[in-house]
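Worksheet: one structure, shown below.
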């Protein structure tokens, strides 16, 4: 058993690869975020009417919310039920009343 390589030596290259992968994903996220912010700012600044600008600013969270809700999947005993945007809005509206 003297010829076995210690575990901490075997894990070291894997840790390096995970660190490099995480760094690359972080760079990709930052670049994508900067690109989205520039496009969003350009879109909002291209609108002349103040009411339309306010509407666009209000629409942003709605678009994000709809995207997140469409991505959610609720697991039930009977199987998988996909959340719909309409169901989410009804549930959200009931909480406000």
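Coordinate-derived values only; no laboratory data. Keep in mind that this is a model prediction, so the values were computed, not measured. We place every Cβ from the backbone using ideal geometry, glycine too, and count neighbours over all the protein chains shown.
Would you kindly state how much longer the chain becomes between residue 62 and residue 35 on full extension, computed as 0.36 nm times their sequence separation minus their alpha carbon distance, in nm to one decimal?
On the way: separation 27, 0.36 × 27 = 9.72 nm, distance 2.02 nm.
Going from the current span to full extension adds 7.7 nm.
When only alpha-carbon atoms count, how far does segment 1-46 stretch along each of its three principal axes, as whole angstroms with the largest first?
71, 7, 6
Extending each Cα 7 Å along its Cβ direction at residue 8 and residue 51, get the distance between those two points in nm, one decimal.
With each label placed 7 Å out from Cα toward Cβ, I get 6.9 nm.
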